[in-house]
Each structure stands twice: as structure tokens, then as C-alpha cells.
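Participant: Let me begin by handing over the structure; questions about it come next.
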Amino acid sequence: MSVPSYKRILLKLSGEVLMGEQQFGIDTDYVARVAQEVKEVRDSGLQICLVIGGGNIFRGMAGAAKGMDRAQADYMGMLATVMNALAMQNALEQLGVPTRVQSAVQMDQVCEPVIRRRAERHLEKGRIVIFAAGVGAPYFTTDSGAALRAAEMKCDALLKGTSVDGVYDADPKKDAAAKRYETVDYDTVLADNLKVMDASAVALCRDNNIPIVVFSIRERGNLARVLSGEGTQTIVKKDA
């Protein structure tokens, strides 16, 4: 499959990716491996924004399901994404990649507030910008935060690195006959509830014509392969 040439992308990683083979928390060796892949792509001249979920530490919806106040649980989840962002920043900077974390929940001692023009300047200077704390409000997922930042930063694509190598018409872990899409349009994803991202994130990408590229980040070297058009992936776009 041929993939368009991108100048600026937003890479969305699930928090679970940072667990590596652990059951919880942050596997620093695995974070370093992912950071190395991000560095190699950045060294090719690509401008990179990052958004990382918080599911390896705390997931707001899971807390709400256990009786917590939803807004309170979501704020806790936002703080988890900041921890992951700082871990990734540390790993990238140990590799010599200048990185800035911008948080939608202001905490000046550890990171910058989200300021679009400042983020633009960082990218122009070759820095990686990690956006943390989602959209800064409860009831929105980090998928929605990623879609928002991709639109705000005028990214050419939103790449979602997960544990699955694309979008399927059923859960491939439960259904051996599940079919993987090479390409699929936004409306089909929404109508068939294909679980690519939450509906608001997909709709935001659709309305701003931002393709969503879903691939497995757990496969070593896959990020670079996907960007070159060689890796296994699904592209969500208009008129697929």
C-alpha cells in the first residue's frame, strides 16, 4: 500500500504500550525502545507530535465503572497521561532528542501549558512535542485529545500505535475469521462501531480530513515501515 508523504504527524500511543510485558505501570526498557523508533523517524525530517494515553496507570472510565465520580476519575486519568509524557520525554532526551511536554492541565513546575504557537515553534526547531492531559476536561478520552491536537497543529495524519495491526470487522482476538481493512472510510467506522477510536475523535478527524493510520507499535521497527508504506496498517480516510 502506498502511503502519502507526510511532513507533520501526530502519533497517538495507548498507555498500555508503555507497560511492555508488565501488568501495570511503566517499563522503562520498553519506553526506551519506542523512543528509539520515534527518534529514527524524527531524524528523517518528520515533525512529530505525541499523545500518550494513561491506561497503564489509571483509566477514568474504569474508575467510574467502580463507583467513582466520573469527572474525578477522568482528572486522575489526565494526571496519568502526564506521568507517561514525562517518562517518554526522559527517554527521548537520553537519546539526544529535544522534547517538550505541554499539558492541558496547568502544572508549571513540570511542563508547559498547551500553547499552540509555542508548540509550532518547537516543531520548527526540530523538537518533539508531547501533549498531555487530554483536552483538559472530563468526559473526553485521550483519543479525542489526539484528534483535537492533530487538527490544531495541522498534522497531515494521525497515527494510532496499538497492540493490533489495523482495523478489523470483528475482534481478531475472539474471532479467527475477522477481516482486516486496508482502507475504510470514517462513516463506516462510525456506523459499524469499529472501535478505531471513540466516535468524537473519528468525527473530528473526518471533519478536518485527517487520515487515521492504525498499526501495531509492538512490532519492532513498524513505525518507520508504516510511514514508508511497507508496514501492515489500516488507513481511515474519506472515500476509502
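Participant: Is there a residue in region 152-159 that is more than 19 Å from residue 6 (Cα to Cα) and in contact with a helix residue (DSSP H, G or I) (Cβ under 7 Å, 6 or more places away or on another chain)?
Facilitator: Here is the first cut: in region 152-159, the ones more than 19 Å from residue 6 (Cα to Cα) are none.
Scanning region 152-159, I find no residue that is more than 19 Å from residue 6 (Cα to Cα) and in contact with a helix residue (DSSP H, G or I) (Cβ under 7 Å, 6 or more places away or on another chain), so the answer is no.
Participant: I'd like the full set of residues that are under 14 Å from the mean Cα position of the chain (by Cα) and part of a loop (DSSP other than H, G, I, E, B), limited to region 116-139.
Facilitator: Residues satisfying the conditions are 133, 134, 135.
Participant: Quickly run through region 1-31 and pick out the residues that are among the aliphatic types (A, V, I, L, M), under 22 Å from residue 131 (Cβ atoms) and surrounded by fewer than 17 Cβ atoms within 10 Å (Cβ to Cβ).
Facilitator: Quick first cut of region 1-31, residues among the aliphatic types (A, V, I, L, M) only: 1, 3, 9-11, 13, 17-19, 26, 31.
Okay, now just the ones that are also under 22 Å from residue 131 (Cβ atoms), so 9-11, 13, 17-19, 26, 31.
None; the set is empty.
Participant: Here's something else I'd like to know. Pull out all pairs, ordered by first then second residue, where Cβ-Cβ is under 8 Å, the residues are six or more apart or on different chains, the first lies in region 107-128 and is free of Cβ contacts under 8 Å to residues at least 12 places away in the same chain, and the second is surrounded by fewer than 17 Cβ atoms within 10 Å (Cβ to Cβ).
Facilitator: Every condition considered, the pairs that remain are 113/106.
Participant: Quick check on residue 174: is it over 18 Å from residue 17 (Cα atoms) and of a type in the set (Lys, Arg)?
Facilitator: Numbers: over 18 Å from residue 17 (Cα atoms): yes; of a type in the set (Lys, Arg): yes.
Spelling it out, residue 174 is indeed over 18 Å from residue 17 (Cα atoms) and of a type in the set (Lys, Arg).
Participant: Out of the residues in region 147-161 meeting the condition of being in contact with a Lys or Arg (Cβ under 8 Å, 6 or more places away or on another chain) and not in a helix (DSSP H, G or I), tell me which one is modelled with the lowest pLDDT.
Facilitator: Narrowing region 147-161 to residues in contact with a Lys or Arg (Cβ under 8 Å, 6 or more places away or on another chain): 152-156, 158-161.
When the remaining residues are screened for being not in a helix (DSSP H, G or I), the result is 153-156, 158-161.
On the way: 153: 98, 154: 97, 155: 98, 156: 97, 158: 98, 159: 97, 160: 97, 161: 94.
That would be 161.
Participant: Additional query: So for region 143-152 (the condition being of a type outside the set (A, V, I, L, M, F, W, C) and more than 14 Å from the chain's Cα centre (by Cα)), does at least one residue qualify? Walk me through how you get there before you give the answer.
Facilitator: Here is the first cut: in region 143-152, the residues of a type outside the set (A, V, I, L, M, F, W, C) are 143-145, 149, 152.
Subsequent filtering for residues that are more than 14 Å from the chain's Cα centre (by Cα) retains 152.
Yes: one or more hits.
The values are calculated or read from the model by the stated rules, or taken from the named source; none is laboratory data. As the structure is a computational prediction, the values presented were derived from the model and not from experiment. Glycine gets a Cβ as well: all are built from the backbone with ideal geometry, and neighbour counts include every protein chain shown.
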